[in-house]
Each structure stands twice: as structure tokens, then as C-alpha cells.
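The values are calculated or read from the model by the stated rules, or taken from the named source; none is laboratory data. Everything numeric in this text was worked out from a predicted model, so none of it was measured. Here the Cβ positions follow ideal geometry from the backbone for every residue, glycine too, while neighbour counts run over all protein chains shown.
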């Protein structure tokens, strides 16, 4: 199968416009990482002050945990910092590793997704192909996310693979086990540091309630919502303006569901090496040129979820007379 169709930036912008819109700098990436960890620290402090704020803290922390993986995603594109070594260090150790991600492995996987997006070879096609589903199906998925079942399944598989358990024997099995170990060991190291800091502050319990619990619940939910919004029920699997979706998020959605401009996913696929902090500006520039009318753009996550749950429920069997 050929690679997915692409758009050249200069087909839509002048050289001067594109240079202004796509410029990277060396401070925005580190500042965004600092911002993510600062919100996490603030949310922990808020619930340490009063446990009445625990539900809010869980949502804030889970969304920023997703946000840090989004910044790892930027690092996978080399967009987090102009220096490649700094980019990879920040993206791996400060963004991905605490959540069980491994930058090198993710980069290879994710760039394959970009090359073959929505084609048969796309490794992420499994995330979008099942949609639309019924509302009851999505409710079951959300229940599994919020009760930690999704997290436990993912982590148990990851740790089992790291130990070489449950892997199908044959070519590549040892490589898959090694890849899992390469992700698990940094996760254990970074989580040990987080736990040590919280113990030093007299907040050992916060590791369970305000780090693992948000990761196991709210992060799983918003990760699912992100995946649905990005490629589920897109109108055209071959059009580079319509095989990924931009979801216009309000400030609350940006805070709790779609941090760091991740909602501008159509723009990201159009210009995949542009840093996340430029995507909003690019969207406005495309709108000014009248281009967004040809793109897959929806307003708000409720609208996208309505599209993704448009499959009719199966009729119930008639009760016996």
C-alpha cells in the first residue's frame, strides 16, 4: 500500500508565512514541561490542604499526565527542543517515562502511523476502525477506564512482556520483551523518584491517591476521548485534510481533556513536524485563507462523541409469551 497523501506547506502558505508559523525555539518545550509538572504539584498541594478537592485534583492531574505524553509525542517528532539530545532527554525522562512511555520505541511506532495514516498498515487503525459504536458500548468503555480496568490491563501486559511472559514464541519475541523492559525500567526509576519526593514532604499517600489513581482513571478516559476525536468516523481516509480531525475545544475541555493543543490534530497531520504550540496559530491562519472549510473540523467533544456513537442499538429479543 502506498503511503498516505501529504500536503506541502508551500501549497498553502508563502515562504515568509510558513517561516513565521513554523519557527521553533529552545524555551517553549521546557516551559510546557514545567507547566505540566507545576499543575500536577499544585493539584497535589490542593488536595493535601483539603481532601474535598480530591475529585478536581484527580481530573487536573490525569489531564496533565496525558499532557506530558503529548509533549513526548512532540519529542518523537523532534519538535520539543531544537537540540536533538536535549529533545530526546526531556521527551523521554520528564514526559514519557513516568507514565510508562519509551520515546525511542514510540517514535518508530508513531512515525509509521503518520506514514500510513488510516491505511491498512497504520498501527493505530485498531483505535478508529471499530467506530461508530453504540452508546452502550462507549459507556462500557468509559466504565472500564474510570474503574482502572483499562490501566490494569495495559500495565499487566507491559510488565508481563518485560518479563518475557505471555509473548508468542517466534521471530521478534525477544525484541518485544526487550522493548517492554526498556519502557518499564525508566518508569520504575521515575516513579521511585516521585514517591521519594512525596515521602520527603510527608505525603506518601499522595503517590497512591494523587499520582497512580489519576493515571489509572482520568488519564485513561481522556486518552480514549483523544483517540476517538482524532481519527474515528473521519469522512475520508485518503484526503490529508479529512483523515484526521480537529476538535475546537472550549477552555474547560482544554484544561481537562485536550491539553497542549492536542485537539488540532488535522493540522498536526498536515504539518507533522510543527511544535504543538504553533498549531493554534496555524489553524487561525488556515481559517483566514478559507482552508478550514475543506478540513475535518468539529466544534466540541460532545459533537464528536455523538458521531462516534451513531450506531443503533441491537434490538432486544422479544420476551417469551
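Brief remarks follow.
- Subset of the range 210-235 that is out of contact with any helix residue (DSSP H, G or I) (no Cβ under 7 Å at 6 or more places or on another chain) and over 16 Å from residue 113 (Cα atoms) - its residue that is modelled with the highest pLDDT: 212
- Taking the range 287-299 as the range and being under 13 Å from residue 240 (Cβ atoms) and more than 24 Å from the chain's Cα centre (by Cα) as the test, the residues that pass are 291, 294.
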